[in-house]
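The values are calculated or read from the model by the stated rules, or taken from the named source; none is laboratory data. Everything numeric in this text was worked out from a predicted model, so none of it was measured. Please note: Cβ atoms are built from the backbone with ideal geometry, for glycine as well, and neighbour counts cover all protein chains shown.
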Amino acid sequence: MKYKTLFIKIILLIFIFSNTILNVAKASKQVFIVLKVDNKIVTNINIEEEYKYLIALNPDLKNLKKKDAINIAKNSFLREKIKENELLKYYQLNQQNNKYLDQTFVSLYQKIGLKNEIEFQKYLSNFDLTVADVKKKLEIEILWNRLIYEKFNNQVEIDLEKIKKKISSNKIQKNYLLSEIHLDIAESKNIEKTYSLIKKSISEIGFKNTAIKYSKSDTSKLGGSIGWLSENQLSESILKEINKLNIGEITKPINIPGGFLILKIDKKENKEISVNLDEELNKRVTQEKNRQLNQLSLIYYNKIKFITKIDEK
C-alpha cells in the first residue's frame with residue numbers, strides 16, 4: 001500500500017510538471033493584433049498560418065527573408081479576409097459538401113505533385129495544416145468566382161466571328177507556358193518605377209518569389225504560374241508582346257483593365273492541330289469569358305478594398 005501511494009504521487013508530480021512545461025511553451029508564443037479589417041481582428045497567429053499555407057503551395061517562398069515572407073502572408077491573408085467579408089453578405093460559408101470544391105481540391109494537390117488526399121494530408125501535417133484548412137480557403141475562392149460571375153456575366157462581350165476566324169486560320173498552333181505578375185491601379189500610377197523594382201527583384205530572388213511578393217492575382221500563391229495557353233487564347237496586344245521574347249524573358253507592363261500585366265515565357269512549342277470547330281469554339285468562348293471575368297474580379301476587389309476599413313497595428 002505504501003509503494004502504491006508513492007507511485008501515485010510520482011505520477012501526479014510528472015503530470016503537473018508536464019502541464020507546467022506546456023503552459024510555459026504556450027505562454028512564450030505571444031498573440032498580438034496585426035490588423036483590423038472592418039473591426040475584425042487579425043492576429044500574428046493568422047499570419048503565421050497563412051505563411052505556412054503559402055510555403056506548402058510554393059516552397060520557393062522559403063528562399064525569401066522571413067520578414068519579407070511574413071509581409072507577403074499578411075497581404076495574402078488581408079486579400080482573403082476582404083473577400084470573405086464581402087461573400088458573407090451573399091452566401092453561407094463552410095458548406096463542405098460541394099462537388100466543385102472537391103474537384104478544385106484534387107486539382108490543387110496534383111499541381112504540387114501529390115497523388116491522392118492521403119498523401120496531401122501527410123504533406124500538410126509538415127506545416128501544421130489540415131485538409132479542412134485548405135478547403136476553407138478554396139471555398140472562399142470558389143464562392144468569390146461565383147459572385148463575380150453572378151454580378152458581371154452580362155457585361156462580358158464575345159466576338160464570335162473573330163474567334164471563328166482565329167480557329168480556322170491556323171493548322172500549326174503556337175503554345176506558351178506562361179507565368180504572370182498582375183499589378184493593380186495603385187501601382188500603375190508609377191509603373192516605370194514599379195517595373196524597375198520588379199526586374200531587380202527577379203534578378204535577386206527569381207520570378208516565382210517576385211510574383212508571390214508583388215502580384216495581386218490569385219496565381220501569386222503558385223509563383224504566378226498560369227499554365228499552357230495557345231496563341232488563340234491570347235489577346236492581340238498580349239500576343240504581340242510575348243512574340244518578342246525568348247524563353248525565360250519577361251514582357252514590359254501590358255495595360256489591361258484594372259492595372260498592368262507582366263508575363264514570363266517558361267516554355268513554348270508549335271503544335272499541329274486538327275480542329276473540331278464546334279468544340280474548339282465552345283472552348284475558346286469559355287476561355288475568353290474567364291479572361292474578362294478575371295479582369296472584372298480584380299477591378300471589383302480593388303473597389304471593395306478601397307471602402308474597407310483597414311487598421312494596421
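One residue is enough: does the stretch 127-134 have a residue meeting the conditions of a type in the set (Phe, Trp, Tyr) and outside the structural domain of LEU245 (by TED's automatic domain parsing)? Scanning the stretch 127-134, I find at least one residue that is of a type in the set (Phe, Trp, Tyr) and outside the structural domain of LEU245 (by TED's automatic domain parsing), so the answer is yes.
Can you confirm whether ASN255 is surrounded by fewer than 17 Cβ atoms within 10 Å (Cβ to Cβ) and closer than 18 Å to TYR214 by Cα?
So ASN255 fits the description; yes.
Just a yes or no: is a residue in the stretch 106-114 on the phi > 0 side of the Ramachandran plot and surrounded by fewer than 17 Cβ atoms within 10 Å (Cβ to Cβ)?
Taking the stretch 106-114 as the starting set, the residues that turn out to be on the phi > 0 side of the Ramachandran plot are 113.
If we keep only those that are surrounded by fewer than 17 Cβ atoms within 10 Å (Cβ to Cβ) as well, we get 113.
Yes, there is a match, as at least one residue in the stretch 106-114 is on the phi > 0 side of the Ramachandran plot and surrounded by fewer than 17 Cβ atoms within 10 Å (Cβ to Cβ).
When restricted to residues that are in a helix (DSSP H, G or I) and among the β-branched types (Val, Ile, Thr), the stretch 264-291 contains 2.
Among ASN232, ASN255, ASN246, ASN294, which is the only one that is part of a loop (DSSP other than H, G, I, E, B) and either under 18 Å from LYS199 (Cα atoms) or not basic (Lys, Arg) (or both)?
Numbers: ASN232 fails: part of a loop (DSSP other than H, G, I, E, B); ASN255 fails: part of a loop (DSSP other than H, G, I, E, B); ASN294 fails: part of a loop (DSSP other than H, G, I, E, B).
ASN246 is the lone residue from the list that is part of a loop (DSSP other than H, G, I, E, B) and either under 18 Å from LYS199 (Cα atoms) or not basic (Lys, Arg) (or both).
Pull up the stretch 32-80, narrow it to residues that are part of a helix (DSSP H, G or I) and polar (S, T, N, Q), then point me to the one that is modelled with the lowest pLDDT.
Step one: of the stretch 32-80, the residues part of a helix (DSSP H, G or I) are 44-57, 59-63, 66-80.
Remaining after also requiring polar (S, T, N, Q): 44, 46, 63, 71, 75-76.
Working: ASN44: 90, ASN46: 93, ASN63: 82, ASN71: 89, ASN75: 90, SER76: 91.
The residue in question is ASN63.
Working carefully through the options LEU197, LEU183, LEU177, find the one that is in contact with a strand residue (DSSP E or B) (Cβ under 7 Å, 6 or more places away or on another chain), modelled with pLDDT of 90 or more and either closer than 21 Å to ASN255 by Cα or not in a helix (DSSP H, G or I) (or both). One residue alone meets the criteria, LEU177.
Among the residues of the stretch 266-288 satisfying the criterion of being touching a strand residue (DSSP E or B) at 6+ places or on another chain (Cβ under 6 Å) and surrounded by 13 or more Cβ atoms within 10 Å (Cβ to Cβ), which is farthest from LYS216 (Cα to Cα)? Of everything passing the filter in the stretch 266-288, ILE273 is farthest from LYS216 (Cα to Cα). For the stretch 192-219, filtered to residues that are aliphatic (A, V, I, L, M) and in contact (Cβ under 8 Å) with a residue 60 or more places away in the chain, the residue that is surrounded by the most Cβ atoms within 10 Å (Cβ to Cβ) is ILE212.
Which ones in the stretch 220-252 are hydroxyl-bearing (Ser, Thr, Tyr) and buried (at least 18 other Cβ atoms within 10 Å of the Cβ)? Before the answer, list the steps.
Let us first name the residues in the stretch 220-252 that are hydroxyl-bearing (Ser, Thr, Tyr), namely 220, 225, 230, 235, 237, 251.
Once the filter is applied, which keeps residues that are hydroxyl-bearing (Ser, Thr, Tyr) and buried (at least 18 other Cβ atoms within 10 Å of the Cβ), the stretch 220-252 yields SER220, SER225, SER230, THR251.
Condition check: in contact (Cβ under 8 Å) with a residue 40 or more places away in the chain and either touching a His at 6+ places or on another chain (Cβ under 7 Å) or within 18 Å of PHE77 (Cα to Cα) (or both). Does SER230 satisfy that? Answer is no for this residue.
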